[in-house]
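Visitor: The structure under discussion is supplied below as structure tokens; questions concerning it will follow.
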Amino acid sequence: MKEPIIGIDLGTTNSAVAIIQDGIPFIIPVDDAPTMPSVVGIDAQGELLVGQPALNQVVAAPESTVMSIKRQMGKNTTVLLGNRAFAPEEVSALILGRLKQAAEAHLGTPVKKAVITVPAFFGLRCGRFGESDDASLRPRRRDLRCLRGGRGRRRGRGEGEPWGYGARRR
């Protein structure tokens, strides 16, 4: 089997991971669901929670849970989870790491390459996902491709080349 390349949609509310198998896109389930909440939290014992477990605690412990962190990416800010401060990129890296972990468990092989969709307004600071010591994905720059939101969705649907910025539709 060739080295797998996964596709990740890092969403504001939910995220997903997929792979092309035999020419057909396949959504890899995370905790038995096709999408995973883009939520990170910390429990009373100080353990990090990612995805559904973090979402489950948001009502009881909103001060220990972060949602919609993607909107803070690229800003010089931190969020507190318990007594630990995280940059938005570090929180996103935890989400990416959980998606990668689910893909590796499904595929039974390590994943070292990914295509990550980002919002159309995102400044293509894709390398920042690999800067944090806590980042689980650790992409090398040449292994990472960022597709802005609409482009990634169109390619995922097999609609051929997406419209570039400034392109006119006929």
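Visitor: Once you sort the root eigenvalues of the Cα gyration tensor of segment 27-85 as a ≥ b ≥ c, which label holds: rounded (a/c under 1.5), prolate (a/b larger than b/c) or oblate (the other case)?
Guide: Since a/c reaches 1.5 but b/c is at least a/b, the shape of segment 27-85 is classed as oblate.
Visitor: What does the extension gain come out to for E3 and K112, with contour length at 0.36 nm per residue minus their alpha carbon separation?
Guide: Value of the extension gain: 38.4 nm.
Visitor: Which residues in segment 1-36 have a backbone N closer than 12 Å to a point placed 7 Å from the Cα of A105 along the Cα-to-Cβ line?
Guide: 29-33
Visitor: Distance from the Cα centre of segment 78-95 to that of segment 1-38, in angstrom?
Guide: Here the answer is 23 Å between Cα centres.
A short reminder: the numbers here are calculations on the coordinates, not readings from a lab. Note that the coordinates shown come from a computational prediction; the quantities given were computed from them, not determined experimentally. Note that we place each Cβ from the backbone using ideal geometry, even for glycine, and neighbour counts take in every protein chain shown.
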